[in-house]
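All remarks here apply to the structure that follows.
The values are calculated or read from the model by the stated rules, or taken from the named source; none is laboratory data. All figures in this text were calculated on a predicted structure; none of them were measured in a lab. Backbone-built Cβ (ideal geometry, glycine too); neighbour counts: all protein chains shown.
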Amino acid sequence: MEMSSKLLERAVAEISQLPGIGKRTALRLALHLLKQPEDQTQELAAALRKMREEIQFCRQCHNISDVEVCGICANALRDKSVICVVEDIRDVMAIENTGFFKGIYHVLGGKISPIDGVGPGQLNITSLVEKVKSGGVKELIFALSSTMEGDTTNFYIYRQIRDYQVTTTTIARGIGVGDELEFADEVTLGRSIVHRVPFEGVI
């Protein structure tokens, strides 16, 4: 796609790197921004830069946060004895939107996948095991996607903590096998959390 402006071409190239956005959509967005008041575009650029430079990961659960401890972990009304184990930040948002879960989270940052070169050491598993070892955790809810990688990750964690006095459950399979958590509707996801079942420690 040859353009008369190299500046526009660069902007389109950068925007098109975003997930689900091709060159044509990127061009449409770039042209839309050009039509907006300059201060509005500058506000967008400033917000993106500030987010990228200042956003943190909660030191307790690895969720995104503006401070060291996220609002969920810092909330005295949340049940700290129940931890919902999820793959990434989008899953936290999906479950929070249901309004059904009142515990806290632990974001692994991915799933064990040898094919993709992702091993246990590349995920936030050690800190989760340490939480269990330190006491105070009554239940771990495995809320990873119903895929081979998700089940493998569940089983690996289960083996690390099975000797401790902690209940392990998994969300009810109202979520279809192979489905990604973030795409489930809120009612189905909420019911899956409420009607969670014991994790049997087998794959």
Item to check | Number of the condition not met by CYS58 [criteria: (1) more than 23 Å from LYS131 (Cα to Cα); (2) touching a helix residue (DSSP H, G or I) at 6+ places or on another chain (Cβ under 9 Å); (3) in contact (Cβ under 8 Å) with a residue 12 or more places away in the chain; (4) not small (Gly, Ala, Ser)] | outcome: (1)
Checklist outcome for this item: Here the residues within the stretch 146-161 that are under 12 Å from LEU108 (Cα atoms) and either more than 17 Å from the chain's Cα centre (by Cα) or surrounded by fewer than 16 Cβ atoms within 10 Å (Cβ to Cβ) (or both) are ILE157
Next on the checklist: Taking the conditions exactly as written (within 30 Å of TYR158 (Cβ to Cβ) and touching a Phe, Trp or Tyr at 6+ places or on another chain (Cβ under 8 Å)), does ILE104 satisfy them or not?
Outcome noted: no
Checklist outcome for this item: Exactly one of ILE95, ILE72, ILE83 is at pLDDT below 95 and β-branched (Val, Ile, Thr), and that residue is ILE95
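Sort through GLY110, GLY117 and tell me the only one that's on the phi > 0 side of the Ramachandran plot, more than 16 Å from the chain's Cα centre (by Cα) and in the same structural domain as THR147 (by TED's automatic domain parsing).
Values: GLY110 fails: more than 16 Å from the chain's Cα centre (by Cα).
Answer to the check: GLY117.
At least 3 residues that are out of contact with any strand residue (DSSP E or B) (no Cβ under 8 Å at 6 or more places or on another chain) in each: list the helices (runs of 4 or more DSSP H) lying fully within the stretch 1-75 that qualify. Write out each step before concluding.
Working: elements: 6-15, 23-35, 38-54, 71-74.
Ranges flagged: 6-15, 23-35, 38-54.
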Item to check | Number of the condition not met by LEU77 [criteria: (1) surrounded by 13 or more Cβ atoms within 10 Å (Cβ to Cβ); (2) under 23 Å from GLY190 (Cβ atoms)] | outcome: (1)
Item to check | Residues of the stretch 106-131 satisfying the condition of being among the hydrophobic types (A, V, I, L, M, F, W, C) and either under 21 Å from GLY71 (Cα atoms) or not in a helix (DSSP H, G or I) (or both) | outcome: VAL107, LEU108, ILE112, VAL118, LEU123, ILE125, LEU128
Checklist entry - Would it be correct to say that SER145 is among the polar types (S, T, N, Q) and under 21 Å from ILE72 (Cα atoms)? => result no
